[in-house]
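Each remark here refers to the structure printed beneath this line.
Rule-based calculations on the coordinates, nothing more; no lab input. Keep in mind that this is a model prediction, so the values were computed, not measured. Glycine also receives a Cβ, built like all others from the backbone with ideal geometry; neighbour counts cover every protein chain displayed.
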Amino acid sequence: MRIILLGPPGAGKGTQSERIVERFGVPQLSTGVMLRAAVAAGTPVGLEAKAIMESGGLVPDAVVVGIVADRVEEPDCRSGFILDGFPRTVAQAEALDAMLAEKDIALDTVIEFVVDETALEGRIAKRAEETAAKGQPVRKDDTPEVFRSRFEAYVKQTAPLSHYYEGTSHLTRIDGMKPIDEVTHTLVSILEPYRQTVES
Ligand code: AMP
């Protein structure tokens, strides 16, 4: 199973990815998670990404493409992967296509979460509150100001991918405003046919 989850920040991609991981046993490849780990570890990639992420902009394509190219080589990706937060630009999508073509593998499907834009800021605020209540560190970019920049980056640079994948892959749009369990149910029914796709 090789899938992409597409949608704006706060759409629920991360939450649903975790559930797909549990259900189908394929790893979640979240570039946001990988970049935050790089920032925390103070690696050269982390040093380059830190300020950009804190301002809500996008890290350069070459950096994230490099991270994903390395990650898909890991043994656990042989059975597939869920791409969450990548690609985020048309250039990244093209790089991914080239990466997959070189490995002679194909994407199964792209799922776009359609959400009410006005609800997103509230969701992000709720996520920050819940994380703090659990005593966990709150993401520095989960503030109303940075959210606006992240959303702007989404509209300008990521939203065109919807059109890109309409032309190249099978794109399915799902209603991301439904309750979490209902979204999971819809996702599972879309993904079930791809369960058997395991690279030998
Ligand atoms: P996320 O966890 O997906 O919301 O990503 C958090 C931040 O990491 C984004 O706001 C970007 O600054 C950076 N980031 C994550 N994925 C990418 C990507 N594919 N391309 C560029 N920047 C990214």
Q: State the answer as a single residue: which of Ala132, His163, Ser149 lies farthest towards the positive end of the charge dipole of segment 91-200, with beta carbon charges of +1 for Lys and Arg and -1 for Asp and Glu, about the Cα centre.
A: Ala132
Q) Once the dipole of the chain is set up with Lys and Arg at +1 and Asp and Glu at -1 on Cβ about the Cα centre, which of Gly122, Thr31, Tyr194 lies farthest towards its positive end? A) Gly122
Q: Could I have the simple spin-label model distance between Thr143 and Ser79, label points 7 Å from Cα toward Cβ, reported in nm to one decimal?
A: 4.1 nm
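What 222 nm value per residue comes from the helices of the chain, counting each DSSP H run with n ≥ 4 as -39,500 (n - 2.57) and dividing by all residues, nearest 500 deg cm²/dmol? Each step should come with its number before you reach the end.
On the way: 9 runs with 107 residues, N = 200.
One gets -16500 deg cm²/dmol as the mean residue ellipticity at 222 nm.
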Q: Taking the Cα centre of segment 104-189 as origin, work out the dipole magnitude from +1 charges on Lys and Arg Cβ and -1 charges on Asp and Glu Cβ, in debye rounded to 20.
A: 320 debye
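Give me the extension gain from Ser162 to Arg23: residue separation times 0.36 nm, minus the current Cα-Cα distance, reported in nm with one decimal.
Working: separation 139, 0.36 × 139 = 50.04 nm, distance 2.57 nm.
Additional length available on full extension: 47.5 nm.
How large is the Kirkwood hydrodynamic radius of segment 53-200, in angstrom, based on all distinct alpha carbon pairs?
Numbers: mean 1/r = 0.0580 Å⁻¹.
Result for segment 53-200, one decimal place: 17.2 Å.
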Q.
Between segment 86-111 and segment 5-65, how far is it from one alpha carbon centroid to the other, in angstrom?
A. 16 Å
